[in-house]
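In what follows, a single structure is set out as structure tokens and then discussed.
The values are calculated or read from the model by the stated rules, or taken from the named source; none is laboratory data. Note that the coordinates shown come from a computational prediction; the quantities given were computed from them, not determined experimentally. Please note: Cβ atoms are built from the backbone with ideal geometry, for glycine as well, and neighbour counts cover all protein chains shown.
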Amino acid sequence: MTTYNKFKYKYVDGSTVSSNVVDTIIAGGTLVHPDRTVRSSIAIDDGTIVSIGNEGSLPDTERRIDATDKLVMPGMVDPHVHAHDETRALDSYETATKAAALGGITTFINFAWEGWEGEDSPYDPDTTILTGIERQRTAGEEEAVIDFGVHAVLVNETQSNLDHIEDAVHTGVSSFKVFTAYEIGLSNGFIDQVLGRIGELGAVGVFHTEDQSVCDQLTEKLRRENRGAPEDYPDSRPDYTEAMAADDIARMAQEAGAQYYGVHTTSRMAADVLERYQEDGSEIRAETCTHYTVHDDSIYGSLGNLPLMAPPIRSPDDVEAMFEHLRGGALSVVSTDHSSYKKESKQVDNWWDCDTFGVNSLQRSLPVFHDEAVVERGFSYPDLVRVMSTNPARTFGLSNKGSLDPGTDADIIVFDPSRTHTISAADNAAVSDFSIYEGADVTGWVEKTFVRGRLVADDGEIVADPGHGEFIERELPEWENSQQPLRG
Ligand SMILES: [Zn+2]
């Protein structure tokens, strides 16, 4: 039995507490750690995991949860979510975190935007990332049912922005998102300065990499050729544009000694580029998203404009490459890039008229990835926990998350690995009225979700009130010293 000090102090050594009773014991399940599975029971008290061991060795409990034949895993950590984003994604913290809880996700990282001069800006151009952080924190603390943090999004090439990076770190925001594409894309020159600053501070750069000028000219060409069908869309943002931009930014990150995290890697070409820079496995990391591991570009023929997103869903060989690189470690995280939109906004004649790129998947990501990676492709449960929980937690300075170790937050899910269900958007807790997994029969069901010891989702129902979720002030992560093995 392993026991956390606080527990000893409170119940064993301490004389202030008379009864040896904890809030909850989850008994008889198989615990999944990032490096092993073990049949054991787990005791929770006051929001924290206090001990693990045979049930007979644990204290008495007020609530016993029987997890026989179930897996007990740390709650999933999703580092890439869009919510409370005004003109963009439609979810509030309430709807997004409810979808997350039903999907076994107990912490996500959203985005805090500054305003900019431009027609797409939802915010006053004078507002800074610090305003954005405060806005997200306030809304989330009122509405969320799971814990959350934010990445700050830099969209202006200003000195004050560079100065605000350190201020943001002091508010518990240790990662900074930059785009190389769209109206909000930044130049390599400015990104080089951002990397210098975050390298000095030990923060993390989070990069959306596509070469905008190449994507622009290809888009123009497709428009001239009147190729507006959804099947034509991937040709406007091919794999090499993703690889080119990743190559540029990773190279600058290496020069700056800055921690680089690539979001939504989709292609063999881009993942190969990142692998080349990962000489010591420490400074260059990247994710892919659930949909890039289960769908290929034939989806544009079957679902039309619904799966419009950037970068696009790619070839069957690229799907294979996602798994090769997850196994090899060049990709170490699977995220959702969750963005809720209504079907109606995707009903356009030509794909270039669509301004709601992205799909919702907080509620589906874990069962869908479980079905594909574990059931179909032989990933182990520790592999699953590493890429969806432990690695994102350690990558982004969430030291109390992503683990079942005594002393950490009791963010725990009870997962039935053999129960199947059929995905239907009618069950969406998110605002979006469609799913790119509609009708799929998947194996794996999130039976219970606990956030800091509190039961939040129970067999498909939300049982906690908005406001249980807390803003997590994230530390500066030290990737080089991370004990977490990245490779499976
Ligand atoms: Zn995104």
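Here are the numbers:
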quantity: Residues located in the range 323-377, provided they are touching a residue at least 24 places away in the same chain (Cβ under 8 Å), under 22 Å from TYR93 (Cβ atoms) and more than 16 Å from the ligand (Cβ to nearest atom); calculated: LYS342, GLN363, ARG364, LEU366
quantity: Count - residues of the range 259-313 that are in contact with a Leu (Cβ under 7 Å, 6 or more places away or on another chain) and within 16 Å of the ligand (Cβ to nearest atom); calculated: 5
quantity: Matching residues, the range 127-137, being under 21 Å from GLY185 (Cβ atoms) and more than 16 Å from the ligand (Cβ to nearest atom); calculated: THR127, THR128, ILE129
quantity: Some residue of the range 356-369 being more than 16 Å from the chain's Cα centre (by Cα) and surrounded by fewer than 24 Cβ atoms within 10 Å (Cβ to Cβ); calculated: yes
quantity: Any hit, the range 266-289, residues being of a type in the set (A, V, I, L, M) and surrounded by fewer than 21 Cβ atoms within 10 Å (Cβ to Cβ); calculated: yes
quantity: Members of the range 219-235 that are over 30 Å from the mean Cα position of the chain (by Cα) and outside any loop (DSSP other than H, G, I, E, B); calculated: GLU220, LYS221, LEU222, ARG223, ARG224
quantity: Residue selected from the range 126-181 under the condition assigned to a helix (DSSP H, G or I) and polar (S, T, N, Q), by the criterion nearest to the chain's Cα centre (by Cα); calculated: GLN136
quantity: Matching option when the condition is crowded, with 23+ Cβ neighbours inside 10 Å and within 24 Å of ILE109 (Cα to Cα), among GLY329, GLY402; calculated: GLY402
quantity: Test: residue in the range 391-403 that is of a type in the set (D, E, K, R), in a loop (DSSP other than H, G, I, E, B), outside the structural domain of ALA101 (by TED's automatic domain parsing) and away from the ligand (no atom under 16 Å from the Cβ); calculated: yes
quantity: Answer from GLY118, GLY75 - the residue that is in contact with an Asp or Glu (Cβ under 7 Å, 6 or more places away or on another chain) and either modelled with pLDDT under 95 or within 16 Å of the ligand (Cβ to nearest atom) (or both); calculated: GLY118
quantity: The range 82-107, subset among the aliphatic types (A, V, I, L, M) and either in a helix (DSSP H, G or I) or over 19 Å from PHE434 (Cα atoms) (or both), residue nearest to the ligand (Cβ to nearest atom); calculated: ALA96
quantity: ILE412 vs. criteria of a type in the set (Val, Ile, Thr), touching a Lys or Arg at 6+ places or on another chain (Cβ under 7 Å) and at pLDDT 95 or above; calculated: no
